Amino acid sequence: MASYGVVIFHFLFSIVLFSSIVDAAGLIGVNYGRVANDLPTPDKVVELLKTEGIDRVKLYDTNTEVLTALANSNISVVVALPNELLSSIAANQSFADNWVQANILKHYPATNIEAIAVGNEVFVDPNNTTMYLVPAMKHVYNSLAKCNLDSAIKISSPVALSDLQSSYPPSSGSFKSELIQPVVKPMLDFLRQTGSYLMVNAYPFFAYSAHSDTISLDYALFRNNSGVVDSGNGLKYYSLLEAQLDAVFTAMSALNYNDVKMVVTETGWPSMGDENEIGAGEENAAAYNGNLVRRVLTGSGTPLRPQDPLNVYLFALFNENEKPGPRSGRNYGLFYPNENKVYNIPLTQSELQSGESTPVSGGNKSQAPASRVRVSVWLCDPNTLEVQVSYPFNSFSGVEIRLKLSFSEEFSWRWHVRFWFYGMFLYI
């Protein structure tokens, strides 16, 4: 009988392992910015999010009207403490306590606040708020701890790729030397100690627009391409975003923080830009965001961290007509202010599986949506057990593993693997 248990154990272990690999897909959210004078009211925005199946949103403040509208919506929310408050929060624990009381406890738990972004791209803030960042993060954390919310609500701060001294090749990734001791190491220490993650804003559009003569557009847009090999570690990259993220992972590993996780808190591509903004356009924006969603929802992590799923917040929900600067900055939205889509891409797992959304040219159609593993168990008779694991790669192909165990006078078992493709079957 021991041998029966060994067979069953190995098979069930394989099922668990197989399921965990497939379910390693990431999560998609969206940034809800409001630098505009023509946006829908917050309650209408929440209805739009629900209609589109978007259940994760990141804000740039703690606006009461917005957080009230998000209450009881089952939408997870990341809120933000603006850079201009960092010095006051860093200097005074009581100020932090009052801020948490007025901006977090007032809404939580009705509004599912899961994280607070303390500042945004602080290291490049022209007001020189870098020195206040980590003390402010600690004070906000202490305020949450007083309310027993330090485990429920994570504290982090989004960094920009420009905070790296080197990002190419990814294996050479490193933080700017002048930032490491004063703020990067203390911040990563804090993230490790509190079980939080590093927030990263990454925009392949900027790199492509500045170096379109050397960077392939297909590589930047997650379209089919021959890939780029990192000469330092031999890893091959098929997308610029993954290369950028691995440069950040390498920079953290160089400081012995390779256990700190990462979330992409901003990434996107503009549907319109100035004449000198190479690559800006609706077709490229649809390709980047559409293929990125497919990559996140159907894939694993980066080449350097394949076990860590990609969790991404797209920038942005709406075009924002009052944002200063180049034309591109006002045209990152997935939706116009009238709630019509700027272009049609999948945003949820169900859209990927149903094929309801318009396919994006060049998307990788061979990857399988997560959560489509099916495990079935039948007791055919008192002495026979069948277990089947099936996994469709897409609507037309997949694999099925079946094991049949017989516990009659003599124990026996047999198994087979069946691949299917457009109605044709291959048995192994």
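The values are calculated or read from the model by the stated rules, or taken from the named source; none is laboratory data. Treat the numbers as computed from the prediction; the structure is a model and nothing was measured. Here the Cβ positions follow ideal geometry from the backbone for every residue, glycine too, while neighbour counts run over all protein chains shown. The area values use the complete protein model at the heavy-atom level, side chains included, leaving out ligands, DNA and RNA. Shrake-Rupley method; radii C 1.70, N 1.55, O 1.52, S 1.80 Å.
Could you tell me the distance between the Cα centroids of region 99-114 and region 246-314, to the nearest Å? One Cα centre to the other: 29 Å.
Full extension of the segment from Ser350 to Leu27, taken as 0.36 nm per residue of separation minus the current Cα-Cα distance, would add 115.0 nm. For the residue pairs Lys44/Lys323; Lys176/Lys341; Lys58/Lys138; Lys44/Lys176; Lys236/Lys261, the alpha carbons lie more than 32 Å apart in Lys176/Lys341; Lys44/Lys176.
As an exercise, use a Förster radius of 22 Å and the Cβ-Cβ distance of Ser177 and Asp125 to find the FRET efficiency, rounded to the nearest 0.05. Plugging the Cβ-Cβ distance into 1/(1 + (r/R0)^6) gives 0.70.
Near the amide H of Leu81, within less than 5 Å, lie the amide hydrogens of Ala117, Val118, Gly119, all on another chain or at least 5 residues away, with H placed in the peptide plane.
Using a simple spin-label model with pseudo-atoms 7 Å out from Cα toward Cβ, Lys44 and Asn338 lie 1.2 nm apart.
Annotation for Ser166 and Ala145: the two label points, set 7 Å from Cα along the Cα-Cβ direction, are 3.7 nm apart. The candidates Met262, Met131, arranged from most to least accessible area with a 1.4 Å probe in the full protein assembly, appear as Met131, Met262.
Distance from the C-alpha centroid of region 142-210 to that of region 28-65: 24 Å, rounded to the whole angstrom. The simple Förster model, with R0 at 60 Å and r as the Cβ-Cβ distance, assigns Ala210 and Ser406 a FRET efficiency of 0.35.
Hey, any idea what % of region 68-186's accessible area is carbon plus sulfur with a 1.4 Å probe? Ligands and nucleic acids excluded, carbon and sulfur reach 48 percent.
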